[in-house]
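Single-structure report; data block below.
The values are calculated or read from the model by the stated rules, or taken from the named source; none is laboratory data. Predicted model, so just to flag it, every value in this text is computed and none were measured. Positions of Cβ are backbone-derived with ideal geometry, glycine not excepted, and every protein chain shown enters the neighbour counts. SASA here: full protein model, heavy atoms, side chains in, ligands and nucleic acids out. Shrake-Rupley method; radii C 1.70, N 1.55, O 1.52, S 1.80 Å.
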Amino acid sequence: MTFLRCLRMDFKRLLQSGNFYFAIFLTAFITAVGLIPNIWTYGNQMSVYELARLHGNATNFFLIMTVLVALPFGLSYREDVKHNYLHCLTSRASLAACCWSHVAVAAAGAFLTVFFGYALCYGAMGFFFPVIHPEEAELLRKGSYHVYGHLILGPAPFLYFVCTIATEAAGYGFLAVFALMLSAKISNPFVILSMPAIFYYATVIVGTVGRLPGILRWDYILTDGGWLAKSIGDIRVLMPCIFLYFASLIGVAGLVFESWAERRRKHG
């Protein structure tokens, strides 16, 4: 069984999983719930643009999201070991092919969960609020706005939401693979699902106290492009760089995951 066959089987497993669709709808739901205080306070003054900027401010929102993105496939390796399915797979394919297939599908599952969840929420908000108020657009034109701001003012404003959602979704894809990586060492699912949030806040503390350079602050890149967005003014270059950045982090986590899975197979 080649890597591509493993990948096809894992994607089929993802799409047939109820956790995947549950995570998408729950992402949309908690995003909308998190925006309710702002809607109550400002009412018709809000726009979909402003709501998208405000959605991730609550700490509890982020904590829930780190769990949701790991639900679709982050626990797949643990399930394979628990039900002895991994032995069946490795009898027909290399462990490396199985591991990297799990990595790819865990990252893709998290990305799609966030992307479709946010898109569903913002799409529903579009029925009640304007995409952007003229006053907000005017302020953006007058100020030195973020590179994504060019998109909301362009002929296709929906590209603003596509790019901002995709940026965050790519970061969550890394966190889902981080959970998958830990599942090769930890068997308790509650501990596995809690570790991405702990890792995130640990890196925030280390980055702040150590004053790490912007390229190492992946937490900023997850939220708004961080150092990359400040350094690259062309969105056509920025987005591939963001995807490559998080793909590199996913690759590192994948190497550790493969190493730990191989060690577990040899030593139990």
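Table: residues versus (1) among the hydrophobic types (A, V, I, L, M, F, W, C); (2) touching a Gly at 6+ places or on another chain (Cβ under 6 Å); (3) closer than 30 Å to VAL256 by Cβ.
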site: GLU138; (1), (2), (3): no, no, no
site: ARG141; (1), (2), (3): no, no, no
site: HIS146; (1), (2), (3): no, no, no
site: GLY149; (1), (2), (3): no, no, no
site: LEU153; (1), (2), (3): yes, no, no
site: PHE158; (1), (2), (3): yes, no, no
site: THR164; (1), (2), (3): no, no, yes
site: TYR172; (1), (2), (3): no, no, yes
site: LEU175; (1), (2), (3): yes, no, yes
Near pairs, Cβ below 7 angstrom, 6+ apart or cross-chain, from the stretch 1-17 (closer than 10 Å to ALA97 by Cβ) to any residue that is surrounded by fewer than 16 Cβ atoms within 10 Å (Cβ to Cβ): MET1/ARG92
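Please verify whether LEU71 is open to solvent by 30 Å² or more (accessible area, probe 1.4 Å), part of a helix (DSSP H, G or I) and at pLDDT 90 or above, treating the condition exactly as stated.
Numbers: open to solvent by 30 Å² or more (accessible area, probe 1.4 Å): yes; part of a helix (DSSP H, G or I): no; at pLDDT 90 or above: yes.
Answer is no for this residue.
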Enumeration of residues in the stretch 234-268 that are open to solvent by less than 30 Å² (accessible area, probe 1.4 Å) and more than 20 Å from the chain's Cα centre (by Cα): ALA261
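Please state which one of VAL147, VAL105 is more than 28 Å from ALA23 (Cβ to Cβ), surrounded by 19 or more Cβ atoms within 10 Å (Cβ to Cβ) and among the aliphatic types (A, V, I, L, M). Spell out the reasoning first.
Values: VAL105 fails: more than 28 Å from ALA23 (Cβ to Cβ).
Testing whether each residue is more than 28 Å from ALA23 (Cβ to Cβ), surrounded by 19 or more Cβ atoms within 10 Å (Cβ to Cβ) and among the aliphatic types (A, V, I, L, M) leaves just VAL147.
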Test: ARG53 is part of a helix (DSSP H, G or I), under 18 Å from the mean Cα position of the chain (by Cα) and surrounded by fewer than 20 Cβ atoms within 10 Å (Cβ to Cβ): yes
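Is it the case that the stretch 119-135 has a residue that's out of contact with any Ser or Thr (no Cβ under 7 Å at 6 or more places or on another chain) and either open to solvent by less than 10 Å² (accessible area, probe 1.4 Å) or farther than 22 Å from PHE25 by Cα (or both)?
To start, the set of residues in the stretch 119-135 that are out of contact with any Ser or Thr (no Cβ under 7 Å at 6 or more places or on another chain) comprises 119-120, 122-128, 134-135.
After this cut, where a residue has to be either open to solvent by less than 10 Å² (accessible area, probe 1.4 Å) or farther than 22 Å from PHE25 by Cα (or both) as well, the list is 134-135.
Scanning the stretch 119-135, I find at least one residue that is out of contact with any Ser or Thr (no Cβ under 7 Å at 6 or more places or on another chain) and either open to solvent by less than 10 Å² (accessible area, probe 1.4 Å) or farther than 22 Å from PHE25 by Cα (or both), so the answer is yes.
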Sole residue being farther than 16 Å from PHE62 by Cα and among the hydrophobic types (A, V, I, L, M, F, W, C), chosen from VAL204, VAL162: VAL162
